[in-house]
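Student: Okay, handing you the structure first.
The values are calculated or read from the model by the stated rules, or taken from the named source; none is laboratory data. This is a predicted model, so every value here is computed, not measured. Quick reminder, even Gly has a Cβ in these numbers, built from the backbone with ideal geometry, and neighbours come from all protein chains shown. We work out accessible area using only protein heavy atoms, side chains counted, and drop any ligands, DNA or RNA first. Shrake-Rupley method; radii C 1.70, N 1.55, O 1.52, S 1.80 Å.
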Amino acid sequence: MRILVTGGAGYIGAVTAGHLLDEGHEVVVLDDLSTGHRQAVPRGAELVEGRVQDPQRLSRALDGADAVIHFASLSLVGESVREPLRYFRENLGAALSLLEGMASAKVHRLVFSSSAAVYGDPQVEVIDEDAPCRPVNPYGMSKVMIETILAEQGRAHGLAAMALRYFNACGADGQRGEDHRPETHLIPRLCEAMLGRRDDFVIYGDDYPTPDGTAIRDYVHVLDLARAHASALGHLDRPGLEVVNLGTGQGASVREVVDTARRILGVDFQPAVAERRPGDPPRLVASNQRARELLGWIPRDSSLERILQDALRWHRAHPDGYRGIV
Ligand code: UFG
């Protein structure tokens, strides 16, 4: 298949683009490189540099495409709370332009990069896709709104779409890893701290109602996410929207993540504990039954050990992230 990957210079987009090429697909990446990295775009993919909202660039990128995977998005929760209008304008604007472009190019298959942020703070052991969507920040709200639009476009114009709701994406694929600026995520910040490149790493809160007091998340390896996107492309045969969680079904606390990294590196590392980060729920763990049944998806690389080994290796090899790569 010829697949347009919007945001294919970003973290999950680039790993997925690489995986699709390995599977023998043709890949076109559309990315304005505002948060993505040119060096992350895999060799073998065609890069169209530009915004999804630019009709000319979009139509060039869509030329001959059989399907689209839409990653291009602003994706920082805290930033979305401070700048809601920018998040709604950018994320909704890109999605609307993409759908218009796809309709005129007669491309009817779409995989959409959604998020566990759609659920907000559901207060259940494991979250399945029927849990109500009650996002608590503009980032999550923008994802819910786009999912709603996709369902309507399915009814009106036959779009076959799948929204993949990622839990905590992490890890690296050897060549590509996580390089956000600023970096807010636990695992890359921890790797940088443990490799001596950051001295402001703290655990946000140890007074949560969890066994060790730190917050619990469902960490899923970016390679497993990439495989799920490839499978999703093969399941876009009916108009309408399917939503699918991508997580392991297993939670890990911040302390467990820190302890695992410490064991791997064999170093003594005792981070300080600070206040809770505002808006962080105590526990977010996915039910992945639907992904298993519908996509035959099994998260193969998502043990904490594997995730941290891969992330640490990538950060050690790329002290300046993608900037160090020509
Ligand atoms: N944390 C720390 N120290 C840090 C960074 C994070 O203790 O330096 C903690 C956080 O408080 C949280 C956990 O580590 O308890 C994970 O935090 P991340 O920032 O890595 O991830 P989040 O769970 O906050 O966010 C993720 C995705 C978002 C998505 C959200 C869904 O990155 O895109 O899940 O709720 F919106």
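Student: Can you confirm whether the range 295-303 contains a residue that is within 16 Å of the ligand (Cβ to nearest atom) and farther than 18 Å from A116 by Cβ?
Tutor: Among the residues of the range 295-303, not one is within 16 Å of the ligand (Cβ to nearest atom) and farther than 18 Å from A116 by Cβ, which makes the answer no.
Student: Another question, if that's okay. Would you please name the residue that is most open to solvent (accessible area, probe 1.4 Å), looking only at residues in the range 55-107 that are part of a helix (DSSP H, G or I) and among the charged types (D, E, K, R)? Give the steps one after another, and end with the answer.
Tutor: Going residue by residue through the range 55-107, those that are part of a helix (DSSP H, G or I) are 55-62, 77-82, 84-105.
Within this subset, residues satisfying the condition of being among the charged types (D, E, K, R) are 57, 60, 79, 82, 86, 89-90, 100.
On the way: R57: 91, R60: 127, E79: 39, R82: 173, R86: 76, R89: 146, E90: 42, E100: 131 Å².
Residue satisfying both the conditions and the ranking: R82.
Student: Next question, about the same structure. Please verify whether the range 219-230 includes one or more residues that are of a type in the set (F, W, Y), buried (at least 16 other Cβ atoms within 10 Å of the Cβ) and either part of a loop (DSSP other than H, G, I, E, B) or near the ligand (Cβ under 8 Å from one of its atoms) (or both).
Tutor: We begin by selecting, within the range 219-230, every residue of a type in the set (F, W, Y); these are 219.
Those still in the list that are buried (at least 16 other Cβ atoms within 10 Å of the Cβ) too: 219.
Narrowing further to those that are either part of a loop (DSSP other than H, G, I, E, B) or near the ligand (Cβ under 8 Å from one of its atoms) (or both): none.
No, because not a single residue in the range 219-230 is of a type in the set (F, W, Y), buried (at least 16 other Cβ atoms within 10 Å of the Cβ) and either part of a loop (DSSP other than H, G, I, E, B) or near the ligand (Cβ under 8 Å from one of its atoms) (or both).
Student: Quick check on this structure: which one of F88, F71 is over 18 Å from H180 (Cα atoms) and hydrophobic (A, V, I, L, M, F, W, C)? Break it down stepwise before answering.
Tutor: Working: F71 fails: over 18 Å from H180 (Cα atoms).
When all the criteria are applied, what remains is F88.
Student: Further, regarding this structure: Restricting to the range 293-326, name every residue that is charged (D, E, K, R), within 15 Å of D224 (Cβ to Cβ) and loosely packed, with under 13 Cβ neighbours inside 10 Å. Steps first, please.
Tutor: Of all residues in the range 293-326, those charged (D, E, K, R) come to 293, 300-301, 305-306, 310, 313, 316, 320, 323.
Restricting the remaining residues to those that are within 15 Å of D224 (Cβ to Cβ) gives 300-301, 305-306, 310.
Result: R300, E305.
Student: Now for a different question. With the checklist (1) of a type in the set (A, V, I, L, M); (2) touching a residue at least 40 places away in the same chain (Cβ under 8 Å); (3) open to solvent by 30 Å² or more (accessible area, probe 1.4 Å) in hand, flag the one item L21 doesn't pass.
Tutor: L21 satisfies all of (1) of a type in the set (A, V, I, L, M); (2) touching a residue at least 40 places away in the same chain (Cβ under 8 Å); (3) open to solvent by 30 Å² or more (accessible area, probe 1.4 Å) except (2).
Student: Is it fair to say I216 is of a type in the set (V, I, T), closer than 25 Å to V267 by Cβ, open to solvent by 10 Å² or more (accessible area, probe 1.4 Å) and touching a strand residue (DSSP E or B) at 6+ places or on another chain (Cβ under 8 Å)? Give the steps one after another, and end with the answer.
Tutor: Numbers: of a type in the set (V, I, T): yes; closer than 25 Å to V267 by Cβ: yes; open to solvent by 10 Å² or more (accessible area, probe 1.4 Å): yes; touching a strand residue (DSSP E or B) at 6+ places or on another chain (Cβ under 8 Å): yes.
Against the criterion (of a type in the set (V, I, T), closer than 25 Å to V267 by Cβ, open to solvent by 10 Å² or more (accessible area, probe 1.4 Å) and touching a strand residue (DSSP E or B) at 6+ places or on another chain (Cβ under 8 Å)), I216 qualifies.
Student: Here is a further query. Please determine whether any residue of the range 196-218 is more than 10 Å from the ligand (Cβ to nearest atom) and outside any loop (DSSP other than H, G, I, E, B).
Tutor: No, every residue in the range 196-218 fails to be more than 10 Å from the ligand (Cβ to nearest atom) and outside any loop (DSSP other than H, G, I, E, B).
Student: Does E183 fit the bill of being free of Cβ contacts under 8 Å to residues at least 12 places away in the same chain, within 11 Å of the ligand (Cβ to nearest atom) and either surrounded by 15 or more Cβ atoms within 10 Å (Cβ to Cβ) or not in a loop (DSSP other than H, G, I, E, B) (or both)?
Tutor: Values: free of Cβ contacts under 8 Å to residues at least 12 places away in the same chain: yes; within 11 Å of the ligand (Cβ to nearest atom): yes; either surrounded by 15 or more Cβ atoms within 10 Å (Cβ to Cβ) or not in a loop (DSSP other than H, G, I, E, B) (or both): yes.
Considered against the rule, which asks whether it is free of Cβ contacts under 8 Å to residues at least 12 places away in the same chain, within 11 Å of the ligand (Cβ to nearest atom) and either surrounded by 15 or more Cβ atoms within 10 Å (Cβ to Cβ) or not in a loop (DSSP other than H, G, I, E, B) (or both), E183 comes out as yes.
Yes/no per residue for (1) over 16 Å from A95 (Cα atoms); (2) within 13 Å of the ligand (Cβ to nearest atom); (3) exposed (fewer than 14 other Cβ atoms within 10 Å of the Cβ); (4) of a type in the set (G, A, S):
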| site | (1), (2), (3), (4) |
| --- | --- |
| S113 | no, yes, no, yes |
| A117 | yes, yes, no, yes |
| P122 | yes, yes, no, no |
| V126 | yes, no, no, no |
| G154 | no, no, no, yes |
